[in-house]
Amino acid sequence: MSQYNVKSKLHCRMKKFGEWIAPEKETRDQIKAQADEIRNRIKAQAEQDGVTVTKTPYSGSFATKTGLRRHLRGETTIDGQDVDIPFVVKKDKETEFGPLMERFKGYAEKSYPKTKIEVTKSSVKLTFVGTNLTYDIVPMFDTEENDRQVLIRENGDIIKTSIEKHREFIRSRTKKTKETEGVVAFNHMVRFLKWWREHKQQKTNDIILLPSFLINLLAAKALQECGVFTTYPQTLANWFSYLAHIVRDKETIWFNDNYGKPQPDSSKAWNVLDPVMPDNNIVKSWTGWQVSELADWLTESTEVINRAIAADMQGRDGDSLAHMQALFGKIFSSHCE
């Protein structure tokens, strides 16, 4: 379908909705202040215990501006952006003994005795009463390379990663799109896909779950092959269509930012490779039916957005709005004008 004017009703509606689903500035400021307080308190506890914290970099959706606002009413409920707080620790005689995760759980309990604290597979999660905001403390070991860290999960898995390179992977793509004509930026499109993911999962009772990391990589692949257009609807339509095709074909998704062409695991139903660590297939546990289900979601959504575009071009505002509600939930109509 041909590209159309940035003054189109649907483009303006999506632009307005995109502004609404982004976290409010006041919320971002509150989160940053609380995250900095957590950094200081946990670091102080660790240092009292003889642990050397080499850095606590910003990471995740907060750092890349791809998080969603918190919305807990209506048919699509969103917990809001995840806030990761890595603690990179020097591996020495003080940290050789005892699981790192348990040590940081203890630091969190001492720092926030009235806060709900639980250990996940990779973090110590703090949930603050009243706001229900959650923060994931992620303890990691440093390495001889300044921009590489080692993550040791609760089950003993050892994963070499890079906070800085993952952050730059998203930021560089956002920067590139902001330098092109129009208002469509990569991080805005990631937010649209995340909101679509939340609505779709809830409508289908979480038949499949799409982690945010997977959404990031699907968006990056669509950007790489399709680029962005001057309007949100046309960009989303092209991305949905392209992704439906490559997911249906189980095409390996990978990026050459940090390594040459990898060798995908042919024993797996699908390969979506970490852009920093090619040995990390983030869908290694997926079965063939899950891949097919995601392809169906994308195919259906392609049809829906194209029907919305067609109705918009024909001046059928009501029909166009109904299609967008099917895509993003009824909340779209409340925040698109």
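The values are calculated or read from the model by the stated rules, or taken from the named source; none is laboratory data. Predicted model only: the values in this text are computed from it and were never measured. Cβ atoms come from the backbone with ideal geometry, glycine included; neighbour counts cover every protein chain shown.
Results for (1) outside the structural domain of PRO57 (by TED's automatic domain parsing); (2) assigned to a loop (DSSP other than H, G, I, E, B); (3) not hydroxyl-bearing (Ser, Thr, Tyr), shown as yes or no for each residue.
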residue: SER172; (1), (2), (3): yes, no, no
residue: THR177; (1), (2), (3): yes, no, no
residue: VAL184; (1), (2), (3): yes, yes, yes
residue: HIS188; (1), (2), (3): yes, no, yes
residue: TRP196; (1), (2), (3): yes, no, yes
residue: GLN202; (1), (2), (3): yes, no, yes
residue: LEU217; (1), (2), (3): yes, no, yes
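Of everything in the range 171-191 that is buried (at least 23 other Cβ atoms within 10 Å of the Cβ) and hydrophobic (A, V, I, L, M, F, W, C), the residue that is farthest from the chain's Cα centre (by Cα) is VAL184. Might you check whether a residue that is among the acidic types (Asp, Glu), surrounded by fewer than 16 Cβ atoms within 10 Å (Cβ to Cβ) and assigned by TED's automatic domain parsing to the domain that holds PHE229 occurs anywhere in the range 143-152? No, the range 143-152 has no match at all.
Looking only at residues in the range 306-337 that are under 25 Å from ALA22 (Cα atoms) and outside any helix (DSSP H, G or I), which one is nearest to the chain's Cα centre (by Cα)? Across the range 306-337, the extreme among qualifying residues is GLY329. Residues in the range 199-241 that are among the acidic types (Asp, Glu) and at pLDDT 95 or above: GLU225 alone. If you take the residues of the range 205-221 that are in contact (Cβ under 8 Å) with a residue 24 or more places away in the chain and over 15 Å from the mean Cα position of the chain (by Cα), which of them is surrounded by the most Cβ atoms within 10 Å (Cβ to Cβ)? The residue in question is ILE208.
Here's the yes/no breakdown for (1) in contact with a strand residue (DSSP E or B) (Cβ under 9 Å, 6 or more places away or on another chain); (2) under 25 Å from HIS166 (Cα atoms); (3) touching a residue at least 60 places away in the same chain (Cβ under 8 Å):
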site: VAL276; (1), (2), (3): yes, yes, yes
site: GLN290; (1), (2), (3): no, no, yes
site: GLU293; (1), (2), (3): no, no, yes
site: THR299; (1), (2), (3): no, no, no
site: GLU303; (1), (2), (3): no, no, no
site: ASN306; (1), (2), (3): no, no, yes
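Within the range 1-34, being surrounded by fewer than 18 Cβ atoms within 10 Å (Cβ to Cβ) and closer than 23 Å to GLY130 by Cβ holds for GLU24, LYS25, GLU26, THR27, ARG28, ASP29, GLN30, LYS32, ALA33, GLN34. The residues of the range 133-155 that are farther than 22 Å from PRO99 by Cα and either among the charged types (D, E, K, R) or free of Cβ contacts under 8 Å to residues at least 60 places away in the same chain (or both), listed by number, are THR134, GLU145, ASN146, ASP147.
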